[in-house]
1. Scan the stretch 260-269 and give yes if some residue there is out of contact with any Gly (no Cβ under 6 Å at 6 or more places or on another chain), open to solvent by less than 40 Å² (accessible area, probe 1.4 Å) and under 18 Å from His215 (Cβ atoms), otherwise no.
2. From the list Trp243, Trp277, Trp236, exactly one residue is buried (at least 16 other Cβ atoms within 10 Å of the Cβ), assigned to a loop (DSSP other than H, G, I, E, B) and not basic (Lys, Arg). Which is it?
3. Right, Lys101: at positive phi, in a loop (DSSP other than H, G, I, E, B) and touching a residue at least 40 places away in the same chain (Cβ under 8 Å) or not?
4. State the number of residues belonging to the stretch 176-197 that are outside any loop (DSSP other than H, G, I, E, B) and of a type in the set (S, T, N, Q).
5. Looking only at the stretch 114-144, filter to residues that are part of a helix (DSSP H, G or I) and of a type in the set (Val, Ile, Thr); which one of those is most open to solvent (accessible area, probe 1.4 Å)?
6. Being over 23 Å from Tyr294 (Cα atoms) and touching a Leu at 6+ places or on another chain (Cβ under 9 Å) is the filter here, so list the residues in the stretch 88-147 that pass it.
7. If Glu274 satisfies all but one of (1) within 22 Å of the chain's Cα centre (by Cα); (2) among the acidic types (Asp, Glu); (3) over 19 Å from Phe211 (Cβ atoms), what's the number of the condition it fails?
8. Has the stretch 170-186 got at least one residue that is closer than 23 Å to Leu241 by Cβ, among the hydrophobic types (A, V, I, L, M, F, W, C) and within 16 Å of the chain's Cα centre (by Cα)?
Amino acid sequence: MGTKTAAILFTACLLLSACTATKPESAATSNQQDSVASDSGNSAKDQSSVSSPKSSSKQAGSDDHNSAGKTNAQNDKTSESNETGAATSATTNNKMYHLNKAYNVIPNQQGTEKKVVLLTFDDGPKEAAMINKIIDVLDKHKAKAIFFVNGYRVKEHPELLKLIHDRGQPIGNHSWDHIVLKNKSELEVKKQIESVQKVVKDITGQAPVFFRPPHGAGGDVGRKVAKENGLLYMTWSVGSLDWTMKKNQPNKTEALLKNVTEQLHPGSNILMHELPWTAEALDSLLTRLEQKGYQFVDPQSIEVPASK
């Protein structure tokens, strides 16, 4: 009888186990919901760090840049998965910052310095003397800046691109011909972006990882091609308005300082150009920013898309 009783109990245990088995998809569904909640939280955090109301008024100062001002805060609707996923992926490669949808620099983790600015210079390389003057000031303030270059200029003066690289400053892609890309075909946009990738890599040994569309107007196709080439797409969140100034205009240094400081906020992504008056004003600008407690973010600490 003892043997029969044991057999009956064993059979009952097997039946009970089969009836209570866990459904395999339930855990996956739970994880997916957790992931969505996390992304939403990151997005809300990014939105809370968007620039102050002052900044929108001077993100663009000419017809060429007006579309960019709107693009920065209104029309540039990058997918949330790309924007909010940056902080998550950053934990895997020790990047300290990412850009939010307003192109501000945002810390990936609590405790990372928030009061930072990103310095950028567009439309080069132009002249060795001006480039050296800008980089001398950057070195004085222990700062790095992204130099967004045009391919046609690089082709004319490859030695100037090498100068920027050899002096330790990051190089960004600003398209080949400095044309509005948002209404161009995908084939044309690929040519404009990828030709710069190639020429910069041929000269310096490194392809750019940052892309700024000319006039701040890259459109969906510009973002798509940039992503395919492992480029971080950005416009700016603070415009210096140096491009609106004329050679004979008085007090350009003070005007530039005023334009930047009126819009200044933690994470500012500051647009400047390779222009003589910007080079002249740069030391005063960086000194003013330091006096206000700002630090200069190293572009290498910013999360970029994974390369192919």
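The values are calculated or read from the model by the stated rules, or taken from the named source; none is laboratory data. Values in this document were obtained by computation on a predicted structure and should not be read as measured data. Cβ placement follows ideal geometry from the backbone for every residue including glycine, while neighbour counts extend to all protein chains displayed. Side chains included, ligands, DNA and RNA excluded: accessible areas come from the protein's heavy atoms. Shrake-Rupley method; radii C 1.70, N 1.55, O 1.52, S 1.80 Å.
1. Of the stretch 260-269, the ones out of contact with any Gly (no Cβ under 6 Å at 6 or more places or on another chain) are 260-269.
Next cut, open to solvent by less than 40 Å² (accessible area, probe 1.4 Å) only: 260-261, 263-265, 267-269.
With the extra rule that they be under 18 Å from His215 (Cβ atoms), the set shrinks to 269.
Scanning the stretch 260-269 turns up at least one residue that is out of contact with any Gly (no Cβ under 6 Å at 6 or more places or on another chain), open to solvent by less than 40 Å² (accessible area, probe 1.4 Å) and under 18 Å from His215 (Cβ atoms).
2. Values: Trp243 fails: assigned to a loop (DSSP other than H, G, I, E, B); Trp277 fails: assigned to a loop (DSSP other than H, G, I, E, B).
Answer to the selection: Trp236.
3. Working: at positive phi: no; in a loop (DSSP other than H, G, I, E, B): yes; touching a residue at least 40 places away in the same chain (Cβ under 8 Å): yes.
Considered against the rule, which asks whether it is at positive phi, in a loop (DSSP other than H, G, I, E, B) and touching a residue at least 40 places away in the same chain (Cβ under 8 Å), Lys101 comes out as no.
4. Looking only at the stretch 176-197, we keep the residues that are outside any loop (DSSP other than H, G, I, E, B), and these are 186-197.
Checking the rest, the ones that are also of a type in the set (S, T, N, Q) come to 192, 195, 197.
Count: 3.
5. We begin by selecting, within the stretch 114-144, every residue part of a helix (DSSP H, G or I); these are 128-140.
Okay, now just the ones that are also of a type in the set (Val, Ile, Thr), so 131, 134-135, 137.
Values: Ile131: 0, Ile134: 1, Ile135: 0, Val137: 19 Å².
Top of the filtered list is Val137.
6. Passing the criteria: Asp123, Gly124, Pro125, Lys126, Glu127, Ala128, Met130, Ile131, Asn132.
7. (3)
8. No, there is no match, as no residue in the stretch 170-186 is closer than 23 Å to Leu241 by Cβ, among the hydrophobic types (A, V, I, L, M, F, W, C) and within 16 Å of the chain's Cα centre (by Cα).
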